[in-house]
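What follows is a set of notes on a single structure, which appears directly below.
The values are calculated or read from the model by the stated rules, or taken from the named source; none is laboratory data. None of the values given here were measured: they were computed from a predicted structure. Cβ coordinates were reconstructed from backbone atoms using ideal geometry, including for glycine residues, and neighbour counts include every protein chain displayed. With ligands, DNA and RNA removed, areas are computed over all heavy atoms of the protein, side chains included. Shrake-Rupley method; radii C 1.70, N 1.55, O 1.52, S 1.80 Å.
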Amino acid sequence: MDTIELSIWAGMAGALALLLVAALADLLHNGRVGAWRGLAFLLLTGGSSLLMTGFPEYLLGVQDTRSLLPAKAGLGPLSGALALTYLGSWLGIVLEDRLIRRTVIGGSLFLVAAGAVLALWATLDVKRDAAELLAFSAMVNFASVVFAAVVAVRGAVLGDPLARKMAVACMCLAGMVAGLYAKGMQVTGFGNGAWLLTALCTVGYFLIVIALSIQRNRDMRHLRRLARGAQASDMATGLPSDMELMSQVDHALWRSTRVKREAVVVAVWVSNLYGLSGTAGQQVDLEIRSVLSARMRRAVGFRNVVGLYHPRCFIVVVSA
């Protein structure tokens with residue numbers, strides 16, 4: 001490695017290390033399942049990415065690079081399986097949509113099996129050329145990119161607003177996989193510009209995924225607080241209404257028609273909304289509406305429409 005390339009991989013390693021420190025801090029702060037997932041994702045996916053650059057070998061002075069070949073061949077597909085599983089959990093509609101369910105479950109099983117086979121192959125077949133083994137691993141990893149893109153795009157089609165941004169992360173993932181395997185296989189014709197782009201795609205992928213995970217977790221925590229009634233009485237529900245609601249309903253019905261699926265429109269009428277005003281206070285109706293809106297949103301998910309036609313009438317559209 002020359003000095004510029006060494007600086008590129010060192011900068012990438014520093015960025016991943018900073019994200020790892022943030023994940024550890026989050027784990028120590030709340031210790032939730034999501035924090036453990038984020039830490040495992042960074043350790044496995046980030047570790048396999050760094051391993052492909054050759055930076056750890058250079059830093060530690062490893063002479064027998066063949067000894068790391070099983071890890072290079074197997075960790076990529078395993079990290080792809082972990083990322084795909086977490087993506088399905090992040091979307092929250094694995095059980096609802098057949099395409100997402102089959103892609104997440106079938107793709108994860110395929111990637112785990114392929115990773116184990118590649119690692120075992122690299123361990124036992126010592127005469128096999130390293131570039132050939134890594135080429136097979138690259139093909140499997142590109143399959144994981146396709147699986148992730150299918151799930152993200154499908155989530156966007158079904159109405160999840162954050163899934164569109166996750167599709168951008170999949171584009172960064174494609175550039176990351178292409179560049180890292182080109183480096184690992186020592187493909188000729190690539191220079192420091194390609195390695196810089198690879199490092200930027202890698203860091204960009206992790207930043208987008210972590211930012212979207214934080215945003216989704218924040219939304220879920222907010223809904224849990226609202227569903228428990230933990231909201232000030234003067235705070236509004238934040239639900240769409242009037243023309244904005246009609247626009248979202250129209251778009252949801254159009255989306256269902258486009259994919260040739262049925263849709264359900266439900267109107268929930270709260271006839272006694274103001275019944276407690278005399279005993280519980282004049283603003284109790286705001287708290288009741290906030291709790292009901294949060295529970296409806298939790299029931300139908302983020303990709304479906306929940307709105308307020310007027311103070312006593314909620315509109316829910318379950319599309320596609």
When residues of region 131-143 are limited to those that are surrounded by 15 or more Cβ atoms within 10 Å (Cβ to Cβ) and either outside any helix (DSSP H, G or I) or not aliphatic (A, V, I, L, M) (or both), the one farthest from the chain's Cα centre (by Cα): Phe136
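Condition check ((1) within 22 Å of Ala182 (Cα to Cα); (2) polar (S, T, N, Q); (3) not in a helix (DSSP H, G or I)) across all residues:
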{"residue": "Gly14", "(1), (2), (3)": "yes, no, no"}
{"residue": "Leu28", "(1), (2), (3)": "no, no, no"}
{"residue": "Ser48", "(1), (2), (3)": "yes, yes, no"}
{"residue": "Pro56", "(1), (2), (3)": "yes, no, no"}
{"residue": "Gly76", "(1), (2), (3)": "yes, no, no"}
{"residue": "Ala83", "(1), (2), (3)": "yes, no, no"}
{"residue": "Tyr86", "(1), (2), (3)": "no, no, no"}
{"residue": "Arg101", "(1), (2), (3)": "no, no, no"}
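Condition check: without any contact (Cβ under 8 Å) to a residue 40 or more places away in the chain and over 27 Å from Phe110 (Cα atoms). Does Leu239 satisfy that?
no
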Evaluate the following for Leu24: is it closer than 24 Å to Arg221 by Cβ and either open to solvent by less than 40 Å² (accessible area, probe 1.4 Å) or among the aromatic types (Phe, Trp, Tyr) (or both)? no
Of all residues being over 14 Å from the mean Cα position of the chain (by Cα) and polar (S, T, N, Q) in region 27-54, which is modelled with the lowest pLDDT? Just the residue, please. Asn30
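Right, Ala17: farther than 17 Å from Leu111 by Cβ and either open to solvent by less than 50 Å² (accessible area, probe 1.4 Å) or modelled with pLDDT of 85 or more (or both) or not? Give the steps one after another, and end with the answer.
Numbers: farther than 17 Å from Leu111 by Cβ: yes; either open to solvent by less than 50 Å² (accessible area, probe 1.4 Å) or modelled with pLDDT of 85 or more (or both): yes.
Taking the combined requirement at face value, the residue satisfies it.
Of the residues Arg102, Arg128, only one is surrounded by fewer than 16 Cβ atoms within 10 Å (Cβ to Cβ), basic (Lys, Arg) and over 24 Å from Ser319 (Cα atoms); which? Please lay out each step first, then the result.
Values: Arg102 fails: over 24 Å from Ser319 (Cα atoms).
Just one listed residue meets the conditions, Arg128.
Can you tell which of Gly155, Gly179, Gly184, Gly159 is on the phi > 0 side of the Ramachandran plot, buried (at least 19 other Cβ atoms within 10 Å of the Cβ) and either in contact (Cβ under 8 Å) with a residue 12 or more places away in the chain or among the small types (Gly, Ala, Ser) (or both)? I'd like the intermediate steps shown before the answer.
Details: Gly155 fails: on the phi > 0 side of the Ramachandran plot; Gly179 fails: on the phi > 0 side of the Ramachandran plot; Gly184 fails: on the phi > 0 side of the Ramachandran plot.
Residue meeting the stated conditions: Gly159.
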Note on Ser144: of the conditions (1) small (Gly, Ala, Ser); (2) touching a Pro at 6+ places or on another chain (Cβ under 8 Å); (3) within 14 Å of Pro70 (Cβ to Cβ), unmet is (3)
Gly107 versus (1) farther than 21 Å from Asp64 by Cβ; (2) at pLDDT 90 or above; (3) open to solvent by 40 Å² or more (accessible area, probe 1.4 Å): which is the lone unmet condition? (3)
Hand me the list of strands (runs of 3 or more DSSP E) wholly inside region 232-320 holding 3 or more residues that are open to solvent by less than 50 Å² (accessible area, probe 1.4 Å), at pLDDT 85 or above and within 23 Å of Leu91 (Cα to Cα). 305-310, 313-318
